[in-house]
Amino acid sequence: MSKFILELKNVHKAFKLDLLKKNSFILKNINCSFLGNSCTVILGHNGAGKTTTFRLILGLLYPSQGEIFFKGRKLTYKDKKNIGYMPETNKLPGNLSVAEILYFHTNHMMEDLNKSQRKDKIKNKLLEIDLWKHKDKRIKDLSKGMGRRISWALASIHDPDLLILDEPFEGVAPALSQRLSEVIKGLKK
């Protein structure tokens, strides 16, 4: 078994940006490994390929070349339920309530939970992010910071083995940023 939770080996991603031209490489020869129980930051300027890399890991895109490994074996669809992702921008369905979106998410990501366990998991997560009293509000009626907290809850409620956070503190008040930092440190342990 590999000591790395995630590895990208010789990963390339090309897109056809113009019908008459050759493919353009967005990512070229990416090789990196991520240890479990650690926090790693990926830094780069806008357009460097960070989000494309995340999309490859999540299976939203496929590499043009190379392979992605999760826990020492090739990443599969089933492994993706062990990955949590908080995107840079919230794209949440506005007509659902806070509790409803978490219910649907846990229904998909944690099929083995019964209704009572699912309700407990949702309540605990909403208490953690200080949104329990807003559980019945529609997402469209929440502030940006509350929406970011919901994105955090969606990324982490299923206790993933790998958590990818894209700009996690964007739009979050300083007090909550500190609290989320503490939660992240706790998850690392």
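The values are calculated or read from the model by the stated rules, or taken from the named source; none is laboratory data. Nothing here was measured: the structure is a model prediction, and the numbers come from that model. Every residue, glycine as well, gets a Cβ built from its backbone with ideal geometry; the counts of neighbours run over all protein chains shown. Please note that ligands, DNA and RNA were not included when accessible areas were found on the heavy atoms of the full protein model with its side chains. Shrake-Rupley method; radii C 1.70, N 1.55, O 1.52, S 1.80 Å.
I'd like to verify a number: residues in the stretch 52-93 that are closer than 18 Å to Val11 by Cα, polar (S, T, N, Q) and open to solvent by 40 Å² or more (accessible area, probe 1.4 Å), how many? The number of residues fulfilling the criteria is 3.
Per the listing Ser151, Ser116, Ser177, the residue uniquely among the small types (Gly, Ala, Ser) and surrounded by fewer than 13 Cβ atoms within 10 Å (Cβ to Cβ) is Ser116. Looking at the stretch 38-130, the helices (runs of 4 or more DSSP H) lying wholly inside it that each contain 2 or more residues that are β-branched (Val, Ile, Thr) sit at 50-58, 98-109. Only residues that are touching a residue at least 12 places away in the same chain (Cβ under 8 Å) and open to solvent by less than 50 Å² (accessible area, probe 1.4 Å) were counted in the stretch 5-29, giving 9.
Quick check on my filter: what residues within the stretch 18-37 are modelled with pLDDT of 80 or more, at negative phi and of a type outside the set (A, V, I, L, M)? Lys28, Asn31, Cys32, Ser33, Phe34, Gly36 - these are the residues of the stretch 18-37 that are modelled with pLDDT of 80 or more, at negative phi and of a type outside the set (A, V, I, L, M).
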